[in-house]
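Here is the structure we will look at, set down as structure tokens.
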Amino acid sequence: MRMITVAGPPSSGKTSVILKLAQLLDGQVGVVKFDCLTSFDRERYDEAGIPVFVGYSGKFCPDHFFVNNIEGAVQWGIRRGFDTLITESAGLCNRCSPHIKGILSVCVVDALSGIHTPRKIGPMLKMADVAVITKGDIVSQAEREVFAWGVRQANSKAQILFVNGITGQGAFMLAKKAAQAREITTLTDNTLRFTTPAAACAYCTGETRIGEAYQMGMMRKLEYD
């Protein structure tokens, strides 16, 4: 089974890109959607006839939730007989790193989000193999080029593609890249491309009170003048 990880900020157009991509891929395609609190994408996948499994991290770090459940997602896809499994996750803090060494990784960014946005996004863009820019039809050619330049500054090695999530324009090139994705049977002993966000403090275990008396564990304090 081929596997592709797709990540990006919320509402950047990840689901639309995946739907257009799935139409161009040979064989059965399945999707695992990792989200935090809620998602309305299941209906869109169901309408397209694409099998989907949705998991919510709730109060847990989305990155840690992803790592804990990604092997189960692979085995689910193999049991269902998928030819391609696509995982979708939203980097809510832009620090997420849901990309795995040896697995084709895609980061979706929105051209409307601002020219400085690419430099504000962490490993999910900097470590991606392909950077997909959406909503480029809404901005001018000059703005598209400036935004693409910002993406190139953040990740000089990624292939940059403009994809229209409504018409599907540009998805063909993404499908050609996806068709070359590596086939796997397991992710056990594979490694992430970057470390997950680190924290082990009182607030991780449910503390809500503010004050140094309640703060313990791994912390990072600012020094104010």
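A short reminder: the numbers here are calculations on the coordinates, not readings from a lab. Note that the structure is predicted; figures quoted are calculated from it, not measured. Cβ placement follows ideal geometry from the backbone for every residue including glycine, while neighbour counts extend to all protein chains displayed.
In segment 83-133, the qualifying residues are those that are within 14 Å of the chain's Cα centre (by Cα), outside any loop (DSSP other than H, G, I, E, B) and among the hydroxyl-bearing types (Ser, Thr, Tyr), and the one that is nearest to Ala22 (Cα to Cα) is Thr87.
When segment 61-118 is limited to residues that are farther than 19 Å from Arg42 by Cα and acidic (Asp, Glu), the one that is surrounded by the most Cβ atoms within 10 Å (Cβ to Cβ) turns out to be Asp63. Residues in segment 140-171 that are touching a residue at least 60 places away in the same chain (Cβ under 8 Å) and among the β-branched types (Val, Ile, Thr) were compared, and the one that is farthest from Arg193 (Cα to Cα) is Ile166.
Sort out which residues of segment 19-44 are over 19 Å from Glu183 (Cβ atoms) and either within 17 Å of the chain's Cα centre (by Cα) or assigned to a strand (DSSP E or B) (or both), and write them in order of number. Outline the logic, then answer.
Residues of segment 19-44 over 19 Å from Glu183 (Cβ atoms): 19-20, 23, 33-44.
Hits for segment 19-44 are Leu19, Lys20, Lys33, Phe34, Asp35, Cys36, Leu37, Thr38, Ser39, Phe40, Asp41, Arg42.
In segment 191-207, what count of residues is obtained for those that are in a loop (DSSP other than H, G, I, E, B) and without any contact (Cβ under 8 Å) to a residue 60 or more places away in the chain? Total meeting the criteria: 4.
Scanning segment 20-54 for residues that are surrounded by fewer than 20 Cβ atoms within 10 Å (Cβ to Cβ) and touching a helix residue (DSSP H, G or I) at 6+ places or on another chain (Cβ under 7 Å) yields a count of 9.
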